[in-house]
Amino acid sequence: MATQSEMRGRAMQPATLIRVGSWATIAAGVLLAADLAAHAAIDFSDTFRSARLWGMPHELWHIPGIAGVVLALFGLMTIYARQAREAGRLGLVGFVLLTIGMVVGAAFSVIFHAIFLPALEQAAPTLLEGFLKSESATPAQIVRGVVVQAIGLGLGALLFGLATVRARVLPPIGGWLFVAGALLAAANQVTPVAQLLSRLVFALGFVILGYGARPKP
């Protein structure tokens, strides 16, 4: 039979996981904002090999983005677990769609730009130049843009943000930031500025929701 101290230790485990997840969520938002700032500071008019930030090669300054996406996935699970009952089916659907959108869309995009394109430049620079100058979208890009961004990152973030506001467990401003990020992501095809604003809004949303998800003492 378990002792009283062992029972207390087991009871503390969920709170500890939520606490760790909340700080991971905050770190994800900070790292995603740092990755966005790095993108804004770099001129891509030449090649990936010439892209340098404080002397670091292209691959290294993508590390905050990769780490931010990984922590954001863990943070998203923490946010949902913190309000699963109150968020209801709307929150569940939004959580599933947003998770798929982040895995297939955001994670793929970060790894694609951080690993694949620099390697392609070294192996076949002519092929990379033609790829970057091509104005026609491939079928894979169309599928990823429509399915992943519209349904996953767009609709998923919209539903999850609204469910967060309705649940009233976490700061509603965080949910509204997810809604705003989804709407800005939908305007990505209209103006490139919308993509930058969308990423910034999502990063702020993760920081706020991560702070609000911390267990109360």
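Table for the structure above
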read-out	value
Helices (runs of 4 or more DSSP H) wholly inside segment 156-212 containing at least 3 residues that are in contact (Cβ under 8 Å) with a residue 40 or more places away in the chain, of a type in the set (A, V, I, L, M, F, W, C) and touching a Leu at 6+ places or on another chain (Cβ under 6 Å)	157-167, 192-212
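Here's the yes/no breakdown for (1) at pLDDT below 85; (2) of a type in the set (Phe, Trp, Tyr); (3) surrounded by fewer than 13 Cβ atoms within 10 Å (Cβ to Cβ); (4) touching a Phe, Trp or Tyr at 6+ places or on another chain (Cβ under 9 Å):
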residue	(1), (2), (3), (4)
Ser22	no, no, no, yes
Ala40	yes, no, yes, no
Gly55	yes, no, yes, no
Leu90	no, no, no, yes
Ser109	yes, no, no, no
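The values are calculated or read from the model by the stated rules, or taken from the named source; none is laboratory data. What you see is a predicted model; the values in this text were computed from it and never measured. A quick note on method: Cβ atoms are made from the backbone with ideal geometry, for glycine too, and the neighbour counts reach across all protein chains shown.
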